[in-house]
Every structure is written in structure tokens, then in C-alpha cells.
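> Take a look at this one; I'll ask things after.
The values are calculated or read from the model by the stated rules, or taken from the named source; none is laboratory data. Everything quoted here is computed from the prediction, not taken from an experiment. A quick note on method: Cβ atoms are made from the backbone with ideal geometry, for glycine too, and the neighbour counts reach across all protein chains shown. All accessible areas refer to the heavy atoms of the entire protein, side chains included, with ligands and DNA or RNA removed. Shrake-Rupley method; radii C 1.70, N 1.55, O 1.52, S 1.80 Å.
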Amino acid sequence: NSYVQISSSTLWNSYRGNSDVPYVFASILMALEKYLLDTFEETHLKVFEDNLLIILKQSKSVAVSAVVASIVLAHPDELFNVAEVLFSTKEFFLLDHERKIFDSTNINVPMGLGTTQIHDEYRKNSDALEHRKNDLEFQALTYQYFRTRSVSEEEADRRQKVIWNIIDSYYKKLSDEVKVEDKELRLSLTRIDCRKMSPEVEEHEQGFIINFNPE
């Protein structure tokens, strides 16, 4: 089945409070993200996963899909089935990559003159969440290279194959002729396909640095 959503960078970034959208619209999306983050631990995983999939299917705008993507990045090990759905829409890779760049280079400002210290403190804490540094592209790459103890080798291998199938489906849609309109997708695929990388590991005082070195 396929579903249609209205898409733009402005809509995708709305839940981060840095888009030119009405404050009430951004606030609703922020509240949705906070509710989902707060209730993850206390909700049965299958129920939580099904709820996210229902949200994706019923949403008419990528503004809500962006919130779902944020929850997946916060809990990637548990929510791979939802990540798979997100990965199947190439535009989501590009939109979330823009979001990560914006998050890493901008500081949210108060949403209007009437904001309070409580509001501003909440936005500061929200901006500092660890998963803000990630995006769907890097998560797709991470699934291919790494697994935590909670994920079995068999499951990690299955996830890797699922992602490769998705990537290959995108390759098949690309023309042999390099077109300008395909440039962003080609760059995105270059950043997420571990089969076309030559990783190098460097020792660092705080651990190790991995240079993925895509072709």
C-alpha cells in the first residue's frame, strides 16, 4: 500500500520549533514528540510500534512523520520495523539530513515574546537530547555496521539485508545517465551503503574514530 503526504523542509522541521509555521502547530508537534518519548518505556513494544505505524499511515503531512522519525532515532534497536517503513521513502532521508544539519548549526530561540523561563528551559533540554545528533541516513548505516547486546547476530544480519534491498530498489530507479535531479539521492545512497565504503579506524584519547570513506 502507498500513502500520500504533503512534503517540505518547513513541515519536516516544524516539531523542532525552527520553521516558519504557526506556534500552535509547532507546539502540538512538540507535545506529540514529548508524549511518545515519555511513554515509550511504559508501553508494550508491539503496541507502541503499531501506534507509530498507524500514525504514519494516517498522517497527511510529513510534519508528523518527522516526529515518528525522531522517536525511531531515540530507540533504534527496538523500532527497526518502523525504521524500515521510513527508509522506504527516499525523501525522508533527505529531509532528516537537512534537519540534522540545522540542529547542529542553530540554537532554538524563544517562540514569541510571551514565552516563559519554563518554556525556554524545556526547549534547551529538548535540543540537547542525544538523538538530535543522528539522522535517518546515519541510522541506516549504523544498522549495517553495529549491533548492541539486545540484538542477536541473526537479527542484525536480517536488518542488514532489509536495508540493502531498500538501497538496491533505489539504485534500480536511477538512470545510467547522471541527472541533476538525482544528485541528492545519489549522494544519500553514497552515505548509507556500507558495501561501497572502506572504513578505517583511528585510536582516540576517548576511544576510537571510524572514518567510513564512501566511494
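> Please tell me if residue 120 is open to solvent by 20 Å² or more (accessible area, probe 1.4 Å), over 27 Å from residue 38 (Cβ atoms), without any contact (Cβ under 8 Å) to a residue 60 or more places away in the chain and not in a loop (DSSP other than H, G, I, E, B).
no
> Could you check segment 58-72 and list, in sequence order, the residues that are open to solvent by 10 Å² or more (accessible area, probe 1.4 Å) and part of a helix (DSSP H, G or I)? Even if it seems obvious, please write down each step before you answer.
Taking segment 58-72 and keeping what is open to solvent by 10 Å² or more (accessible area, probe 1.4 Å), we get 58-61, 64.
If the condition is that a residue be open to solvent by 10 Å² or more (accessible area, probe 1.4 Å) and part of a helix (DSSP H, G or I), then 58, 64 are the ones that fit.
> Moving on to the next point. Yes or no: residue 159 in contact with a helix residue (DSSP H, G or I) (Cβ under 6 Å, 6 or more places away or on another chain), over 18 Å from residue 13 (Cα atoms), at pLDDT below 95 and among the basic types (Lys, Arg)?
Numbers: in contact with a helix residue (DSSP H, G or I) (Cβ under 6 Å, 6 or more places away or on another chain): yes; over 18 Å from residue 13 (Cα atoms): yes; at pLDDT below 95: no; among the basic types (Lys, Arg): yes.
For residue 159, the condition - in contact with a helix residue (DSSP H, G or I) (Cβ under 6 Å, 6 or more places away or on another chain), over 18 Å from residue 13 (Cα atoms), at pLDDT below 95 and among the basic types (Lys, Arg) - is not met.
> Go through the residues of segment 185-203 one by one and say whether even a single one is in contact (Cβ under 8 Å) with a residue 24 or more places away in the chain and in contact with a His (Cβ under 9 Å, 6 or more places away or on another chain).
The answer is yes, given that some residue of segment 185-203 is in contact (Cβ under 8 Å) with a residue 24 or more places away in the chain and in contact with a His (Cβ under 9 Å, 6 or more places away or on another chain).
> Out of 126, 188, I need the residue that is part of a helix (DSSP H, G or I), open to solvent by less than 40 Å² (accessible area, probe 1.4 Å), under 30 Å from residue 23 (Cβ atoms) and hydroxyl-bearing (Ser, Thr, Tyr). Which one? Give the steps one after another, and end with the answer.
Numbers: 188 fails: under 30 Å from residue 23 (Cβ atoms).
Only one candidate qualifies: 126.
> List pairs: first in segment 18-29 and open to solvent by less than 40 Å² (accessible area, probe 1.4 Å) and among the small types (Gly, Ala, Ser), second at pLDDT 90 or above and not in a loop (DSSP other than H, G, I, E, B), Cβ under 6 Å, 6+ apart or cross-chain?
Listed pairs, sorted by first residue: 19/10; 26/14.
> On the given criteria, is residue 132 modelled with pLDDT of 90 or more and open to solvent by 40 Å² or more (accessible area, probe 1.4 Å)?
No: the conditions fail for residue 132.
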